[in-house]
Amino acid sequence: MASPFAYELEHVCKRSGARAGTLTTPHGKIKTPIFMPVGTNSAVKTLTGDQVEATGAQIILANSYHLYLRAGTKLIKQFGGIHKWMNWDRPVLTDSGGFQVFSLSHLRKITEDGVEFRDPKDGSTHFISPEISMEIQQDIGADIIMAFDECAPYPCSYEEAKSAMERTHRWLERCFRAKTNENQALFPIVQGAFYDDLRQESARVISSFDAVGYAIGGVSVGEPTDIKNHFVKMTAPLLPENKPRYLMGVGTPEDLLDGIKNGIDMFDCVLPTRNARHGAFFTPEGSRNIKTQQFYDDPRPLVEGCDCYACKNHSRAYIRHLWRCGESTAATLLSIHNTKFLVDFSQKAREAILNDTFEEFYNEQMSRLVKK
RNA sequence: GGGUAGGUGCCCGAGUGGCUAAAGGGAGCAGACUGUAAAUCUGCCGUCGCGAGACUACGAUGGUUCGAAUCCGUCCCUGCCCA
């Protein structure tokens, strides 16, 4: 049976490493570079499926760890998999639980076999190994599933970083052995923290596995931007050229520009929705906060010319009013705007790449963003 | 009219002699957030001053005391109960 997955590298910018491509999945094609909104609990927070769809999102993320705890991945399987479960028929990607090894580090214990977690909500203990992560992700049934990795913190010692990386590689082997569903693509993840030789070694090792796409993990864990950029820049070109490259957990509009310039094709980040719930909205001139006094009587949309639902229908003053009254609609409107902003942003970058004007696009957008 | 419980900073509300410019919330004003334990967290929040500090403040007023939001007198106001 032919693989339902394919990736076509359509164009590489002549003056930078920026790439445009198309990734085919069982639930449709993804045009890269692409920003993927995060819906940890099988919902993009504060948004309905229609609203997510209206942002133009081509694919969304969900999380193995969270869905395993609630609702229970067997239940999702019983409903016919995550697409039917949440009534979303475009592609879905699930994270493996590897990020929770980092983010819930005080609630877990790592052994060679796997990781013992305590549920932050009820204290119950759960064990996830590479094999169990694969079983969970196969039950969920996303199009793209991620290797169960150990995401190291920043800063961390060379020994720690090396040990996490090597374990990630051994676990990767086990993930590939445990994965059986041909309709899912398993992406390996580069680790190695912030050490050049470890990143090089990790990229080499994971590239030796035959995969549909490859991810860079362990960034955006608190390190300064220039360090992040250095490691993305040196790591991305070490991954197979004719396969999509996914930079996990990134990022801001600036991060997208830098990532794309350095040859990244896929991004995901909680920022557009989390920051929306905290009152922030993206603009081409940087992030603003609707809570601030300056917007109290501002009749303009969040961003002039933006064609998201929030901007087409409401003023800053109105959204600020909703925010101050504690109306959840404020978070919804900001989430719609922020998500569409990043989706559009990656789409514009794609067009620029195809037109060989990415360099200009990068310079123009970056100078606007940093000016503030 | 009698009794009783009260009146604290923008609001709610602790505080019954010095450790009180006055707990804790809320509101307000800012900031953080990157494979979501997050609609969360942090800072500021009487006035003036960069600052040390000064000034003003716990219904009003008079007193006791080295010292009062806290104790006493009088007055004003509010809730509740009885007539």
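Cβ-Cβ distance below 8 Å, separation of 6 or more or different chains: which pairs start in the range A:84-110 with a residue that is among the acidic types (D, E) and end on one that is within 6 Å of RNA strand B (Cβ to nearest atom)? From residues that are among the acidic types (D, E), the pairs are A:D95/A:L61; A:D95/A:N63; A:D95/A:M146; A:D95/A:M248. When the range A:97-154 is filtered for residues that are farther than 24 Å from A:R199 by Cβ, away from RNA strand B (no atom under 13 Å from the Cβ) and in a loop (DSSP other than H, G, I, E, B), the ones remaining, listed by number, are A:T111, A:D113, A:G114, A:S129, A:G141, A:D143.
Any idea which residue in the range A:272-289 is nearest to the chain's Cα centre (by Cα), counting only those that are among the polar types (S, T, N, Q) and near RNA strand B (Cβ under 8 Å from one of its atoms)? Walk me through it before giving the result.
Here is the first cut: in the range A:272-289, the residues among the polar types (S, T, N, Q) are A:273, A:275, A:283, A:287, A:289.
Filter once more, so that each one left must be near RNA strand B (Cβ under 8 Å from one of its atoms): A:273, A:275, A:287, A:289.
Working: A:T273: 12, A:N275: 15, A:S287: 19, A:N289: 23 Å.
Across the range A:272-289, the extreme among qualifying residues is A:T273.
If you go through the range A:3-21 and keep only what is open to solvent by 10 Å² or more (accessible area, probe 1.4 Å), part of a strand (DSSP E or B) and either touching a Lys or Arg at 6+ places or on another chain (Cβ under 6 Å) or in contact (Cβ under 8 Å) with a residue 40 or more places away in the chain (or both), you end up with A:Y7, A:L9, A:E10, A:H11, A:V12. Where residues in the range A:40-65 are closer than 25 Å to A:F117 by Cα and open to solvent by 60 Å² or more (accessible area, probe 1.4 Å), which of them is nearest to RNA strand B (Cβ to nearest atom)? The qualifying residue nearest to RNA strand B (Cβ to nearest atom) is A:K45. Kindly indicate whether A:K31 is among the basic types (K, R), closer than 30 Å to A:L239 by Cα and in contact with a Ser or Thr (Cβ under 9 Å, 6 or more places away or on another chain). So A:K31 passes the test. Scanning the range A:257-271 for residues that are within 11 Å of the chain's Cα centre (by Cα) and either without any contact (Cβ under 8 Å) to a residue 60 or more places away in the chain or not in a loop (DSSP other than H, G, I, E, B) (or both) gives A:M266, A:F267, A:D268, A:C269, A:L271.
The values are calculated or read from the model by the stated rules, or taken from the named source; none is laboratory data. Worth saying up front: this structure is predicted, and the values here are computed from it rather than measured. FYI the Cβ positions are ideal-geometry reconstructions off the backbone, even for glycines, and counts take in every protein chain you see. Just so you know, the surface numbers come from the protein's heavy atoms only, side chains and all, with ligands and any DNA or RNA stripped out. Shrake-Rupley method; radii C 1.70, N 1.55, O 1.52, S 1.80 Å.
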